Structures are given as structure tokens and as C-alpha cells.
Amino acid sequence: MKKLLLASLCMATVALTACDKKPHDAAAPASGSSSTSQPAATSFSTGKAADIKSDLMLIQNMSTTKAKEALTFQSEVTQAAQKGDKAALQGIVGKMKTYVDSFNADLDALSLKSSEVDSVRKKMKESNNLGVELSEAGLSSTPDMNKITELQKKATELQQSLLTDMQNLQNTANTAK
């Protein structure tokens with residue numbers, strides 16, 4: 001069970017840090033998170049390379065800043081899991097929830113112009129929330145292996161989807177003048 005717990009929590013922290021990877025650097029998986037939608041009054045462009053380029057820079061800059069905090073969680077999780085300190089792990093998950101709420105709010109606050117990068121934002125939020133859900137499932141008093149495996153699979157698929165989206169959008173952004 002200790003290995004399961006460590007694997008679940010590490011997977012969750014990878015989900016939180018992976019969005020910091022630039023598309024050309026992203027060998028590590030990135031996961032998405034559930035979304036709250038933009039206000040209805042917002043209209044997005046579609047297929048405009050300049051808007052995509054601008055929006056990608058906004059998301060990447062914010063993700064880089066947030067990734068520093070997520071790396072702290074990863075270190076704390078590893079130390080607590082190695083010691084088998086469940087109380088510390090539960091405290092870290094509580095901090096992760098606060099971090100994810102803040103990260104998702106910051107994502108929502110970005111003034112994006114393109115529908116394509118808005119879709120990435122939604123996946124990032126889904127990834128963030130999935131990371132917390134995975135952590136909570138791993139810390140359950142009776143972890144459900146099927147649920148954890150399902151969440152890990154979903155996280156991996158979401159990470160791959162985000163990576164593909166980011167690579168495609170970066171290619172489009174590179175065509176902008």
C-alpha cells in the first residue's frame with residue numbers, strides 16, 4: 001500500500017508541474033483539470049496564429065511561476081511518503097487543494113483571445129483537479145485500486161492530449177509574425 005500511495009501522490013504532483021514544460025521540452029506527462037467556463041460574454045478567435053502565440057505566452061509564463069510551488073509539494077510528498085507519515089500527507093493534500101484552487105482561479109483570470117488556448121486552459125484545470133482527486137484516493141483509509149488505476153489512466157490520457165495540443169498550438173504560434 002505504501003508504494004501505491006507514493007505512486008498516486010507522485011502522479012498527482014507530476015500533474016501539477018507538467019504544464020510548466022514547454023511543448024518542445026515536454027517529455028514529462030502533463031495532465032489537465034476540470035474547468036469552470038469563461039464568462040458567456042467572452043468571444044474567442046479561432047485559427048489566428050497571433051492570438052494563439054500571445055495566449056500561449058500567458059499560460060506558459062503563469063505555469064512556470066506556479067510550477068515552483070508544485071515542486072515543493074513533490075518534495076514534501078516524497079519525504080512524507082518515505083517516512084509513512086499519513087498525517088503529513090493529508091496536510092500536503094490540503095495545501096494542494098488550496099494551490100489548485102488558486103491555480104485554477106489564475107487560469108480563469110487570464111484574458112485569452114483564442115478558442116484553442118482556452119481549450120488548453122480547461123484541460124489544465126481538469127488536470128489540476130484530477131491530481132487532487134488522485135491524491136485523495138491514494139490517501140483513503142481503504143484505497144480503491146480500481147478507482148486509482150482509472151484515475152491514473154485518465155491522467156495519463158489527459159497529459160498526452162495536453163502535450164499534443166500544446167505542440168500543435170506552438171507550431172501554429174510559430175507561424176505568427
Item to check | Members of K53/K154; K53/K97; K122/K177; K68/K125 lying beyond 24 Å, as alpha-carbon distances in this model show | outcome: K53/K154; K53/K97; K122/K177
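Compactness ratio of region 36-177: Cα Rg over 2.2 N^0.38 Å, N = residue count? Spell out each step's value before the answer.
Values: Rg = 17.1 Å, N = 142, 2.2 N^0.38 = 14.5 Å.
In units of the 2.2 N^0.38 Å rule of thumb, it is 1.18.
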Next on the checklist: As an exercise, use a Förster radius of 22 Å and the Cβ-Cβ distance of N174 and S111 to find the FRET efficiency, rounded to the nearest 0.05.
Outcome noted: 0.50
Next on the checklist: Using the basic label-point model (7 angstrom from Cα toward the beta carbon), what is the D85 to N61 distance in nanometres?
Outcome noted: 3.7
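Starting from 0.36 nm per residue, how many nanometres of slack lie between T78 and T142 once their C-alpha separation is accounted for?
Details: separation 64, 0.36 × 64 = 23.04 nm, distance 2.06 nm.
Fully extending the segment from T78 to T142 adds 21.0 nm.
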Item to check | Two-decimal log10 I(q)/I(0) for region 40-90, as the Debye equation yields it once each C-alpha is a single scatterer, q = 0.15, 0.32 Å⁻¹ | outcome: -0.62, -1.06
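Computed from the coordinates by the stated procedures, all read-outs in this text should not be read as laboratory data. Since this is a predicted model, take the numbers as computed values, not measurements. With ideal geometry, Cβ positions are generated from the backbone for all residues, glycine too; neighbour counts draw on all protein chains shown.
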